[in-house]
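The values are calculated or read from the model by the stated rules, or taken from the named source; none is laboratory data. Just so it is clear, the model here is predicted, and its values are computed rather than measured. Virtual Cβ from ideal backbone geometry, glycine too; neighbours counted across all protein chains shown. For the accessible areas, the whole protein counts, side chains as well, though only heavy atoms, and no ligand, DNA or RNA atoms are used. Shrake-Rupley method; radii C 1.70, N 1.55, O 1.52, S 1.80 Å.
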Amino acid sequence: MSSSKQKLNESNAKSAQHDPFAALRFRDYRLFTIGRVLLFIGSQMQTVAIGWELYDRTNSALALGGVGLAQVLPMIALTLITGHIADRRDRKLTMLLSVLLLVLCSLGLAVLSWTQGTVVLIYACLVFTGIARAFLKPASDALMWQLIPVSAFTNAATWNSSSFQLASVIGPALGGFGIAFLGGATGVYVLAAIAGLLCFILTAAISKQETIRSTEPISLKALSAGAKFVWENQLILAAITLDMFAVLLGGAIALLPIFAKDILQVGPLELGYLQAAPSIGALFMAVLLVYLPPLRKAGPALLWSVVGFGVVTIIFGLSRWFWLSLLMLVLSGALDTISVVIRHTLVQIRTPDNLRGRVAAINSVFISASNELGGFESGLTAALFGPVISVVGGGIGTIAVVIAVAAIWPGITKLGALQEYEGK
């Protein structure tokens with residue numbers, strides 16, 4: 001990017017400092033965001049289809065938990081390598097290749113669904129999906145922050161969360177509707193592949209970005225630089241640890257097919273609504289955060305939002321009424337968004353560009369652990385103790401984690417407005 005163009009972007013960003021649409025005024029960021037929304041929609045549709053099909057075929061809670069495990073293990077195993085590649089190689093090219101692999105995995109699932117292929121092969125597709133996401137996450141996260149100036153980071157973090165939640169509202173609803181309308185999961189996998197192709201096209205249209213690439217030769221020291229940076233920045237470590245364990249213990253999403261079918265006694269369409277509910281709440285909260293002034297006491301807001309997340313998770317686990325369960329899931333998404341925006345902004349403001357890929361890779365492990373390993377944990381405890389105990393116990397554990405984090409990292413309770421940390 002030329003210096004004159006960079007100055008123009010900085011000028012535009014400063015003049016739009018309090019503009020709710022500040023980040024979206026940059027063309028490449030718009031292309032990137034639209035592409036990711038489409039990819040997320042396809043991914044969410046596919047998640048509903050996989051959960052419904054596997055539980056329909058196996059009637060096993062453990063099989064549902066295995067969906068998350070199959071995808072997260074490659075991400076954990078490849079974390080250091082994928083982060084290093086994101087800092088040394090062309091981030092846009094890495095993202096394009098990763099999206100292409102996701103498209104092929106969706107098509108593979110469609111073939112297996114159509115032919116009633118073995119469950120083992122379904123898990124094999126999920127493993128390759130995890131590999132694709134392992135490379136995609138750090139490369140795309142690092143690329144995104146190159147498309148806007150630092151002054152627009154907080155606004156972009158909120159829009160990033162908003163776009164993800166928008167996709168998470170639309171995707172599950174379309175997934176449930178697709179299963180009901182098409183009579184199975186096969187067509188949903190094909191639609192997910194089409195969404196991936198559209199993301200590929202939009203990403204390819206992004207302008208070539210200049211970046212400060214890491215010149216360190218591949219070594220254990222270079223690979224672990226991201227982990228070292230996170231460890232030395234205790235506020236970042238506290239925020240992502242809190243988020244990871246809260247969702248790891250408190251997440252009930254993986255068990256929704258069981259709650260829908262066996263406890264609430266509803267069909268695939270209502271399952272789509274349940275899976276979309278957290279994102280409806282999250283989208284509403286994200287829109288509020290875009291228009292409201294920046295949080296002046298980010299630390300306390302983070303801690304109390306996670307406590308609230310634990311409380312509504314407990315109520316959801318005890319509920320036997322569809323509409324109450326739906327409401328609790330909406331509230332869980334709204335509360336979780338506060339944590340996401342604070343964490344993303346704090347991490348990006350304090351991370352130098354040549355480390356963004358590796359730090360994003362470490363951050364993605366925390367996110368994946370909380371979502372995918374959380375799904376496995378929920379499936380395992382549900383198989384051993386039943387789904388209700390699994391969810392209620394997880395909600396109680398979430399509240400305990402907040403208390404532990406506040407005790408271990410007391411600085412998190414004093415975290416003020418995130419803008420105070422810009423450039424530090």
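Whole number in Å², please: accessible area per residue of the stretch 19-174, 1.4 Å probe, ligands, DNA and RNA not counted. Spell out each step's value before the answer.
On the way: 5420 Å² over 156 residues.
For the stretch 19-174, the solvent-accessible area averages 35 Å² per residue.
Could you tally the net charge around Ala185, taking each other residue with its Cβ under 11 Å from the Cβ of Ala185, Lys/Arg +1 and Asp/Glu -1? Mind showing how you got there, number by number?
On the way: positive: Arg57; negative: Glu53, Asp56.
Summing Lys and Arg as +1 and Asp and Glu as -1 gives -1.
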Exercise for review: Report the local net charge at Ser161: Lys and Arg +1, Asp and Glu -1, summed over other residues whose C-beta lies under 11 Å from its C-beta.
Suggested key: 0
Review point. What's the percent breakdown of Cα-Cα distances in the stretch 254-330 across 10 Å bins, shortest bin first?
Key: 17, 44, 25, 12, 1
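Out of every Cα pair in the stretch 48-144, what percent are spaced more than 21 Å from each other? Could you put the intermediate results ahead of the total?
Numbers: 1723 of 4656 pairs.
In whole percent, the share of Cα-Cα pairs in the stretch 48-144 beyond 21 Å is 37.
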Review point. How would Val99, Val119, Val111 line up by accessible area, probe 1.4 Å, largest first?
Key: Val111, Val119, Val99
Review point. What's the carbon and sulfur percent of the stretch 75-176's accessible surface, probe 1.4 angstrom, rounded to a whole number?
Key: 79 percent
Check your understanding: How much of the accessible area of the stretch 238-337, probe 1.4 Å, is carbon plus sulfur, in whole percent?
Key -> 75 percent
Review point. Say R0 is 41 Å: what FRET efficiency, to the nearest 0.05, do Lys297 and Phe385 get from their beta-carbon distance?
Key: 0.60
Review point. Considering only the other residues whose Cβ falls under 11 Å of the Cβ of Phe309, what net charge follows from Lys and Arg at +1 and Asp and Glu at -1?
Key: -2
Point to revise | Fraction of alpha-carbon pairs over 13 Å apart in the stretch 109-162 - percent | key: 69 percent
Point to revise | Rounded FRET efficiency, nearest 0.05, which uses the C-beta distance separating Val127 from Leu182 and R0 of 25 Å | key: 0.45
Revision key, fill the gap. Simple spin-label estimate for Gln234/Arg89, 7 Å along Cα→Cβ, in nm, reads 3.8 nm
